[in-house]
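Q: Before I ask anything, here is the structure I am working with.
The values are calculated or read from the model by the stated rules, or taken from the named source; none is laboratory data. Everything numeric in this text was worked out from a predicted model, so none of it was measured. Backbone-built Cβ (ideal geometry, glycine too); neighbour counts: all protein chains shown. Heads up: the accessible areas ignore ligands, DNA and RNA and are worked out on the full protein's heavy atoms, side chains in. Shrake-Rupley method; radii C 1.70, N 1.55, O 1.52, S 1.80 Å.
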Amino acid sequence: SSGINAEYGIMNKWKKEQNYTFVCEQLKSIRQDLIIQNINNAFAVKVYECHARIAMEKLDTTEYNQCQTRLIDLYASNDSVGNPLEFLCYRILYYIYISNNSDAMKLVAQLTPAQKSNSDVKFAVNVFNAWSSGNYYQFFKLYLIAPKMSGYLMDSYVQRERNNTMKILIKSYKPTISVQRISELLAYPDTQTALVYLDDLKVVYTNADKVKLDCKQTLATIDL
């Protein structure tokens, strides 16, 4: 019970202070104890899920992946404990982060009917299908409706996907494309935010009002 109390204390501290370094060290220490004492029960699942969630929130993909890897074994040895389907969704989304197409395809191919019918898992499979087939339109539409903590995980690679999509847009929308259209396609909350991104890329606008991009000139000057 001291472990459980410690975990609750850490969670409260996290909610109040958001001190990631401290919380991460504390949870790692509990995880270490669990391994030393060979504890693989529901409490262990709770600790690893808790750490994985906090790591996702802070875009700490390394720490998240360590927790996710351990959770695969913990779910296998603990029936109906924790949130295996939610974390299965994150696992598929993580494969996109590391651009691991083959393992993601294997995992998706092995899904059971029960797993496939879960809304979180269904979401991740749809994202994977959109990403692997280069359907950027669908990918960004899904990003906007990411359930639970999926959005955090997708945040770790959404900028990379925006850059990849920009290459396609400026090649296929010649001679011009509006900032409004780019903003919609790349799932930016508004054109102002999209403009920050576009200015950062040093795109070439048709004129000073920055309403449209000159695709040909932009293609010649930006480095994506």
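Q: Gain in length, residue 116 to residue 207, computed as 0.36 nm per residue apart minus the alpha-carbon separation, to one decimal in nm?
A: Net length gain for the segment: 27.8 nm.
Q: For the chain, what % of the accessible area comes from carbon and sulfur atoms, probe 1.4 Å?
A: Result for the chain: 51 percent of the exposed heavy-atom area is carbon or sulfur.
Q: While we're here: Please compute the volume of the convex hull spanned by the alpha-carbon atoms of region 68-224 and report it per residue in Å³.
A: Taking only Cα atoms, region 68-224 has a hull volume of 113 Å³ per residue.
Q: Could you please tell me the mean projected area of the C-alpha convex hull for region 30-70, averaged over all directions and given in square nanometres to one decimal?
A: Convex hull of Cα atoms, orientation-averaged projection: 2.6 nm².
Q: Another question, then. Work out Dmax and Rg for region 1-130 from the C-alpha atoms and quote the Rg first, both in angstrom.
A: Just the Cα atoms of region 1-130 yield Rg and Dmax of 15.3, 46 Å.
Q: Just to be sure I understand the model, the point goes 7 Å from the Cα along the line to the Cβ. What's the resulting residue 219 to residue 42 distance in nm?
A: The modelled label-to-label distance comes out at 6.0 nm.
Q: Further question on the same structure: Starting from the Kirkwood radius over alpha-carbon pairs of region 99-144, derive D by Stokes-Einstein at 25 °C in a medium of 0.890 mPa s and give it in µm² s⁻¹. Show your work: numbers first, answer last.
A: Numbers: Rh = 11.0 Å.
D = 223 µm²/s.
Q: Where the only charges are on Cβ atoms (+1 Lys, Arg; -1 Asp, Glu), what is the dipole of the chain about its Cα centre, to the nearest 20 debye?
A: 540 debye
Q: At 1.4 Å probe size, with every protein chain present, just tell me what the per residue accessible area of region 1-118 comes to in Å².
A: 53 Å²
Q: Let a ≥ b ≥ c be the square roots of the eigenvalues of the Cα gyration tensor of region 131-224; is it rounded (a/c under 1.5), or, if not, prolate (a/b larger than b/c) or oblate?
A: Prolate.
Q: In Å², and per residue, what accessible area does region 147-205 have when probed at 1.4 Å with the other protein chains present?
A: Accessible surface, normalised per residue, equals 47 Å².
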